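Asks: My structure is below; once you've seen it, I'll send some questions.
The values are calculated or read from the model by the stated rules, or taken from the named source; none is laboratory data. Given the structure is predicted, the values throughout are model-derived calculations rather than measurements. As a convention, Cβ positions derive from the backbone with ideal geometry for all residues, glycine included, and neighbour counts pool all protein chains shown.
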Amino acid sequence: MANNKISEFLIEKGLFLTAIFSVVISLVIILFILMVGLPAVFKIGFFKFIFGLNWDPSDNEFGVLPMIVCSIYVTVLALIMAVPLSLLSAIFMAEIAPESIRRILKPAIETLSGIPSVVYGFFGLTILVRFMREVFGGTGFSLFTASLILAVMILPTIISVSQDSLRAVPKEYKDASLGLGATHWQTIKNIIVPAAFPGIVTAIILGMGRAIGETLAVMMVAGNVAEIPNSIFEPVRTITSNIALEMGYATGIHYQALFASAIILFLIIITLLIIAKYIQNKYKVDLSSA
């Protein structure tokens with residue numbers, strides 16, 4: 001008994017220290033980014049930095065608005081393409097597919113999440129860009145191309161987490177609905193999906209986080225033009241791509257401005273998470289009244 005108590009005490013404290021260590025590391029990273037990036041915001045001017053339309057380090061112009069807009073456009077368009085397909089796939093695998101099919105599909109989809117982003121980028125560069133150029137004209141490097149690559153990349157995350165959430169719904173909910181005369185589809189639509197909604201929102205948040213933070217694959221197919229696009233078939237440059245492209249040779253205020261861009265990216269992610277959390281709480285379904 002004494003040994004069990006000691007083991008429990010050590011495990012509890014070990015988990016506590018691990019959690020504290022994770023928080024401390026996160027705070028150190030945030031503090032470092034703020035310390036390096038904020039001086040650039042003060043030197044350039046807050047509104048000139050946030051709402052400036054020109055990014056030209058050689059002329060000391062550091063307007064980050066085009067990259068902010070492009071990052072949001074690419075992420076939103078990727079989610080528009082990925083979320084419906086992901087949810088339909090998750091519903092099929094969780095509620096419709098036979099167990100034999102499910103045993104094949106689930107590992108195959110999870111394997112996609114382990115493919116390096118450079119492989120997705122290389123596929124997009126050699127196949128997708130060429131296809132977009134031949135079908136829609138232009139260079140093939142565009143907002144749509146980058147969003148399509150991101151949509152494929154976030155599919156496994158959204159599908160896997162959504163499927164787990166759907167299968168975690170208690171079987172009693174389904175049995176009660178079928179027992180009251182509802183069809184299988186009515187049960188899925190009115191009972192299972194609403195009950196799994198918080199988990200589905202979590203899946204979308206995870207996919208959104210990967211989409212907005214992706215660098216290499218987007219950089220290879222987006223075209224990297226720091227301008228607000230007038231069409232989804234025009235080239236774009238995201239914040240992450242801008243940092244990756246220029247950090248290697250940046251010095252002085254240029255170097256600080258890139259860290260300031262990272263602050264903006266961090267704030268965008270926090271804002272999107274807050275919005276997603278609000279939606280999750282606002283539309284949580286009370287099954288007792290269903």
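Asks: Take the stretch 59-114 and flag every residue that is among the hydroxyl-bearing types (Ser, Thr, Tyr) and either surrounded by 14 or more Cβ atoms within 10 Å (Cβ to Cβ) or in contact with a Leu (Cβ under 8 Å, 6 or more places away or on another chain) (or both). Can you show your working first?
Replies: So the first thing to find is which residues in the stretch 59-114 are among the hydroxyl-bearing types (Ser, Thr, Tyr), and the list is 71, 73, 75, 86, 89, 100, 111, 113.
Result: Ser71, Tyr73, Thr75, Ser86, Ser89, Ser113.
Asks: Still on this structure, I have one more. Starting from residues that are closer than 18 Å to Phe51 by Cα and touching a helix residue (DSSP H, G or I) at 6+ places or on another chain (Cβ under 6 Å), keep the ones in the stretch 220-236 and report whichever is surrounded by the fewest Cβ atoms within 10 Å (Cβ to Cβ). So that I can check it myself, show each step before the final result.
Replies: Looking only at the stretch 220-236, we keep the residues that are closer than 18 Å to Phe51 by Cα, and these are 225-230, 236.
Imposing the further condition that a residue be touching a helix residue (DSSP H, G or I) at 6+ places or on another chain (Cβ under 6 Å) reduces the set to 226-229, 236.
Numbers: Ala226: 21, Glu227: 17, Ile228: 15, Pro229: 20, Val236: 29.
Among those residues, the one meeting the criterion is Ile228.
Here's the yes/no breakdown for (1) β-branched (Val, Ile, Thr); (2) under 30 Å from Phe259 (Cβ atoms); (3) touching a residue at least 12 places away in the same chain (Cβ under 8 Å):
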site: Glu8; (1), (2), (3): no, no, no
site: Phe16; (1), (2), (3): no, no, no
site: Ile20; (1), (2), (3): yes, yes, no
site: Val24; (1), (2), (3): yes, yes, no
site: Ile29; (1), (2), (3): yes, yes, no
site: Gly37; (1), (2), (3): no, yes, yes
site: Ala40; (1), (2), (3): no, yes, yes
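Asks: Considering every residue within the stretch 62-74, establish whether at least one is at pLDDT 85 or above and part of a strand (DSSP E or B). Please lay out each step first, then the result.
Replies: Of the residues in the stretch 62-74, the ones at pLDDT 85 or above are 62-74.
Still in the list and also part of a strand (DSSP E or B): 62.
Yes: one or more hits.
Asks: Follow-up question, since we're still on this one. Scan the stretch 204-219 residue by residue and report those that are over 8 Å from the mean Cα position of the chain (by Cα) and of a type in the set (A, V, I, L, M, F, W, C).
Replies: Matches in the stretch 204-219: Leu216, Ala217, Val218, Met219.
Asks: Can you tell me which residues in the stretch 154-203 are surrounded by fewer than 16 Cβ atoms within 10 Å (Cβ to Cβ), part of a helix (DSSP H, G or I) and over 31 Å from the mean Cα position of the chain (by Cα)?
Replies: Correct list: Glu172, Asp175, Ala176, Leu178, Gly179, His184.
Asks: Being buried (at least 18 other Cβ atoms within 10 Å of the Cβ) and under 23 Å from the mean Cα position of the chain (by Cα) is the requirement here; does Ser117 meet it?
Replies: yes
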